[in-house]
Amino acid sequence: MSRSQATVAVRHGLATDSQFGAVVPPLVLSTNFTFDGLGGRRRYDYTRSGNPTRDLLAEALAELEGGVAAVVTATGMAAVTLVLHLVPRGGLVVAPHDGYGGTWRLLQALAKKGLFELVLADLTDPAARGGAVVAADRALADELAWWANCLGLTGAPFDSYLTLRGVRTLAARLRLHEENAARVASLLAGSEVVERLHWPGLATHPTHALARKQQRGFGAMLSFELPALPGAAEAFVDGLRCFTLAESLGGVESLIAHPATMTHAAMTPEARAAAGISDQLLRLSIGIDGAEDLEADLRAALDRVARLKPSADSEASEDPAAPSASSAASCRAACSAAPR
Ligand SMILES: Cc1ncc(COP(=O)(O)O)c(C=O)c1O
């Protein structure tokens, strides 16, 4: 019987513990495993090569992604490094021009060493879209596993345990993330201060139709541009109570980042400009916090920016970082103080 993705995520590996009958399989932290006498290699011998907890996560991810197998790596960059080891010397790597800044840096550095030819392309342009490599067959899965072990890129058991624990509640969390993101998008879309808003859920977004076709939801990451006024980004960010100034995109908490100086700082200004990452761009990672609190926090931030506008009345001389009293007070009551 085929199961929904939510059920696969919740149930993978449950009730398989033969030793104690644990419902959730125990975390196996051991670095190595005994041999059953000389030449008697058991299923596991050394955790870099294989680990029961990491394998459970890999199986769950492979099933969720429709592949035959998955390799769990220590970090995202380790995954990128692993895939790049499949590229023959002098081969061609085509990557999105607006990907993660750390990936851009690695690709540039390796191309500069002459390991491969690099083409960075706007992958929303159908003419530039190439294929994608998915470990859908056993030979590719084995090759990836071989390189991951050889290079020492595999993930730690503890990280794997926590990730699988997170996967089990992913469907429920994502519903809330996306619900909140839609509310935030509609608030930002209605603001005169926001110059450009990027979220594929907007009917006006250039790839809205594609997103509708290939996704079940529109995700909870969005970005927008503020007017090119001195201090606009600072006025927006300083005083936020429900959004933490930090990189990353996957947590339950709401975050705000300034890509030009944070996630994409490794790129040259020219490469950032080509990818559409201006100094006015702010990125939001919408968490599962109360939507009203997120909205109040953002309304106060937009008010602070609005007061910077030259056309504004006498309020322009007030402290631009001061949150507007009503909305900030209600948000502060619900959220912890900003960390800075
Ligand atoms: C798209 C993408 N790829 C790779 C990475 C790198 O992940 P890690 O920091 O785990 O190496 C990130 C990190 O944010 C990312 O967003």
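The values are calculated or read from the model by the stated rules, or taken from the named source; none is laboratory data. As the structure is a prediction and not an experimental result, all values here were calculated from the model. Neighbour counts are summed over all protein chains in view; Cβ atoms, including those assigned to glycine, are modelled from backbone coordinates with ideal geometry.
Here are some notes:
- When each of Arg196, Arg183 is tested for being touching a residue at least 24 places away in the same chain (Cβ under 8 Å), within 21 Å of Asp297 (Cα to Cα), touching a strand residue (DSSP E or B) at 6+ places or on another chain (Cβ under 6 Å) and of a type in the set (Lys, Arg), the lone residue that passes is Arg196.
- Close pairs from segment 59-78: first of a type in the set (Ser, Thr, Tyr), partner part of a loop (DSSP other than H, G, I, E, B) and within 16 Å of the ligand (Cβ to nearest atom), Cβ under 6 Å, at least 6 apart: Thr73/Leu153; Thr73/Gly155
- Segment 136-156 residues that are small (Gly, Ala, Ser), paired with ones that are in a helix (DSSP H, G or I) (beta carbon under 7 Å, 6 or more apart): Ala148/Leu82; Gly155/Arg54
- Once segment 28-47 is narrowed to residues that are crowded, with 16+ Cβ neighbours inside 10 Å and in contact (Cβ under 8 Å) with a residue 40 or more places away in the chain, the residue that is nearest to Thr154 (Cα to Cα) is Thr47.
- If you filter segment 228-246 down to residues that are within 16 Å of the ligand (Cβ to nearest atom) and surrounded by fewer than 17 Cβ atoms within 10 Å (Cβ to Cβ), you find that the one that is farthest from Val167 (Cα to Cα) is Leu245.
- Members of segment 74-123 that are among the acidic types (Asp, Glu) and either in the same structural domain as Ala156 (by TED's automatic domain parsing) or over 28 Å from Ser278 (Cβ atoms) (or both): Glu117
- Boolean, Gly250 is at pLDDT below 95 and either on the phi > 0 side of the Ramachandran plot or within 16 Å of the ligand (Cβ to nearest atom) (or both): yes
- Some residue of segment 175-193 being within 16 Å of the ligand (Cβ to nearest atom) and surrounded by fewer than 16 Cβ atoms within 10 Å (Cβ to Cβ): no
- Taking the criterion of being within 16 Å of the ligand (Cβ to nearest atom) and among the β-branched types (Val, Ile, Thr), the residues of segment 253-272 that qualify are Ile256, Thr261, Thr263.
- The single condition among (1) assigned to a helix (DSSP H, G or I); (2) within 16 Å of the ligand (Cβ to nearest atom) that Ala95 does not satisfy is (1).
- Screening Arg41 against (1) more than 16 Å from the ligand (Cβ to nearest atom); (2) more than 28 Å from Asp137 (Cα to Cα) leaves a single unmet condition, (2).
- If the condition is being within 16 Å of the ligand (Cβ to nearest atom), in contact with a strand residue (DSSP E or B) (Cβ under 8 Å, 6 or more places away or on another chain) and part of a helix (DSSP H, G or I), then segment 98-125 contributes Thr103, Trp104, Leu107, Gln108, Leu110.
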